[in-house]
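Trainee: One structure, pasted below without further comment.
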Amino acid sequence: MARPKSPLVWILLAVGGACAFCCTGTLGLMALGLFAGDSDTPGAPGAVNRAHGGRPGEPGGFAFDAPQGWKTQADGRFILEWTDRGDTLGVEALRLPALPGLDDAEARLAKVWQERIGADWNRVPQNPLVMRRFMSNGARAFFTAAEVRAKNNDRSFRVSLYLVEAGDRLEPLVFIQSFMTPGGLGEALSASFSWNTSYARVEEALKGVRGSPVGLPLVDDTEVVGHFVYGTSSTAQWVNAYTGGTTMTAVSYSIDYTFGANHAFQYKYGGASGQVGAMRFGSEDDRGTWSVKHDVLTLTGAKRTRRYLLIGAARSPEGKRTLYLMSDNGGWSLAPGAIGQDGQLYVEVD
């Protein structure tokens, strides 16, 4: 049986913010009004690649070079706005004061998220999913994002919060994506479809972010070792416009991984799809060895090789370990829609 195609199983949390300086005209960021100045000599620039040769503990500081075309405000914010088919899209970048120390970055990101983002916006998720990535010179960053509403006019925005490792501290960086359509008709729905478009400008700006130390693993081997399970299901109801008859289809599957400390793995898959009452079932298993290089988890099995982009290993609100993996479908992207389509959150089994 063909394996059921994965539905949209995780929509990347997105947050919205507003800027008193943006010509889109929205709520000013009251609690985000404190900015850190340049704090250290910038780290040596370098391209992001999967064979980065940095050294653990390499000295250096934090730097953010906004791309050409962004406007710099007197308080240190960077703003970019443009018109797309009559709609106005915008991205804003700003820094918050540095946090001393590098330990417990995921919990500290959640705390900053709750205290700073949560204080200014409505509909802010209180338990954000913390992800990880490398910056332009190979330094690590912890980040999360969500869509929220402005308190003064209920407009939708998407905000991402990053904590970049820099020397002996964490440097917070915030990106705010905005959307405005003439007349405001259907703006909330249209805004949700715009995040992938404006996220391309966020990714361009992230190329100018550098930190230190570099060369550290995105996920330690010890974080991978364990028994993890991912599962998802979705249903759809269909109505015959002529007869009024209804049918229901469903897709449901689970993936079970056991990663050993000796770098051996076991894989089990079970799924079902089709019309309810006449579902087709299938299963698969494999075993082999696993390895992590830079930000890629490679599983070399007896039947086939699988590759995942590692984008997180945070603990769930219940305290369980997780692995957040993005399946390899011919290329990886951290755009909201891509993570929603290909991101899989594996939770540790007791």
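Trainee: Counting only Cα, what are the radius of gyration and maximum Cα-Cα distance Dmax of the stretch 63-210, in Å?
Mentor: Every Cα atom of the stretch 63-210 included, Rg and Dmax give 15.3, 48 Å.
Trainee: Computed from the mean reciprocal separation of all distinct C-alpha pairs, what Kirkwood hydrodynamic radius does the stretch 221-348 have, in Å?
Mentor: Kirkwood radius, the stretch 221-348: 16.4 Å.
Trainee: I'd like the accessible area for residue 147, computed on protein heavy atoms only with a 1.4 Å probe and all protein chains in place. Round to 10 Å², please.
Mentor: 70 Å²
Trainee: Give me the extension gain from residue 304 to residue 107: residue separation times 0.36 nm, minus the current Cα-Cα distance, reported in nm with one decimal.
Mentor: Length gained, residue 304 through residue 107: 67.3 nm.
Trainee: Excluding ligands and nucleic acids, what accessible area in Å² is computed for residue 303 using a 1.4 Å probe, to the nearest 10?
Mentor: In the full protein context, residue 303 sits at about 130 Å².
Trainee: Could I ask something else about it? Step through the table entries 111/151; 207/268; 268/320, compare each Cα-Cα distance with 28 Å, and write down the pairs that go over it.
Mentor: Values: 111/151 21 Å; 207/268 38 Å; 268/320 21 Å.
Long pairs (Cα-Cα over 28 Å): 207/268.
Trainee: Among rounded, prolate and oblate, which fits the stretch 165-277 when a ≥ b ≥ c are the square roots of the eigenvalues of its C-alpha gyration tensor, a/c under 1.5 means rounded, and a/b larger than b/c means prolate?
Mentor: It is oblate, given that a/c is not under 1.5 and a/b is not larger than b/c.
Trainee: Using the alpha-carbon centroid of each, what span in Å lies between the stretch 69-87 and the stretch 88-151?
Mentor: 20 Å
Trainee: Given a 1.4 Å probe and heavy atoms of the protein chains only, how would you sort 306, 85, 140, 280, largest accessible area at the top?
Mentor: 85, 280, 140, 306
Trainee: Follow-up. Using square roots of five times the C-alpha gyration tensor eigenvalues, list the equivalent-ellipsoid semi-axes of the stretch 128-197 in whole Å, biggest first.
Mentor: Ellipsoid half-lengths, sorted descending, are 30, 12, 9 Å.
Trainee: Taking Cα pairs under 8 Å and at least six residues apart, what relative contact order does the stretch 221-348 come out at, in percent? Don't skip to the end; give the middle numbers.
Mentor: Details: 263 pairs, mean separation 23.0, N = 128.
Dividing the mean separation by the residue count of the stretch 221-348 yields 18 percent.
Trainee: Give the accessible surface of the stretch 221-348 per residue, rounded to a whole number of Å², with probe radius 1.4 Å and ligands, DNA and RNA excluded.
Mentor: 50 Å²
Trainee: Straight-line reach from residue 303: which aspartates and glutamates have a Cα under 13 Å away, not including same-chain ones fewer than 8 places off?
Mentor: By straight Cα distance, residue 303 reaches 284, 285, 286.
The values are calculated or read from the model by the stated rules, or taken from the named source; none is laboratory data. Given the structure is predicted, the values throughout are model-derived calculations rather than measurements. When the accessible area is computed, the model is the full protein with side chains, heavy atoms only, and any ligands, DNA or RNA have been set aside. Shrake-Rupley method; radii C 1.70, N 1.55, O 1.52, S 1.80 Å.
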